[in-house]
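Quick notes on the structure that follows.
The values are calculated or read from the model by the stated rules, or taken from the named source; none is laboratory data. The structure displayed is predicted, hence computed values, not measured ones. Neighbour counts run over all protein chains shown; Cβ positions are idealised from the backbone, glycine included.
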Amino acid sequence: MPRGILGPQKEPTRPMPVVIGITGRNCAGKDTVAAALAARGFEHHSLSDVLRVELTRRGAEITRSALIALGNELRAAEGPGVLAIRVKAMMQTDRVALVSVRSPAEVQELRRLDGFVLFAVDAPVEVRFARERTRGRESLPATLAEFIELEARENTSDPKAQQLDATVALADYTIDNNGSLSELDRTVGALLSEIEAGAPAPGRTA
């Protein structure tokens, strides 16, 4: 080949589409898992942010109970998959972490996306309550009993409301987040490597 003339060039390898939905109970570590994915180049959205935007538009106070009530209102008015539909419209890439998936209908809607998998993040209720007390978000329950009672409102069988147990049961991977941040980060990295290698989702706990 004459000097200076290049042969056919290979196209750079493009990362496969990976859209990771993240479900789990309050303070289980969903946002921390999403942050670990964001550090690996993932776009990051929360279905709860859809609700925060709407509450702000209405001039309403953003509290956990208000988020739950508005989510139920929108599901009743626009269908149980409405938050997933709205968050899909916000996506700019095909490598995305989506936090706060809370109903089977949302999972069904998101599974229409290429490369979608669902993570469920879990931790003991006492650990989650302790984490809740350190957060600076919306109004906090004062006691463990109040924390548990509020969670019960998020675990209904009504398709127009949150259905956390039913959603967690659909997870492709379950992450036990009862250790350190570095342990969680390593777990997320290992699961992402499995997904990118094309390993079938085992529905297992990591």
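Structure notes:
- Single residue of I85, I68 found to be within 16 Å of T156 (Cβ to Cβ) and hydrophobic (A, V, I, L, M, F, W, C): I68
- Number of residues in the range 97-110 that are surrounded by 15 or more Cβ atoms within 10 Å (Cβ to Cβ) and without any contact (Cβ under 8 Å) to a residue 40 or more places away in the chain: the value is 1.
- Qualifying residue in the range 119-126 (condition: within 13 Å of T23 (Cα to Cα), part of a loop (DSSP other than H, G, I, E, B) and not acidic (D, E)): yes
- Odd one out for S65 among (1) assigned to a helix (DSSP H, G or I); (2) in contact with a helix residue (DSSP H, G or I) (Cβ under 7 Å, 6 or more places away or on another chain); (3) not basic (K, R): (2)
- Summed over the range 145-162, the residues that are surrounded by 15 or more Cβ atoms within 10 Å (Cβ to Cβ) and either farther than 22 Å from L51 by Cα or among the hydrophobic types (A, V, I, L, M, F, W, C) (or both) give a count of 3.
- Any hit, the range 29-52, residues being surrounded by 18 or more Cβ atoms within 10 Å (Cβ to Cβ) and assigned to a strand (DSSP E or B): yes
- Residues of the range 92-103 that are within 27 Å of L55 (Cα to Cα) and either part of a strand (DSSP E or B) or modelled with pLDDT of 95 or more (or both): Q92, T93, V96, A97, L98, V99, V101.
- Verdict on E132 being closer than 13 Å to N26 by Cα and in contact with a Leu (Cβ under 9 Å, 6 or more places away or on another chain): yes
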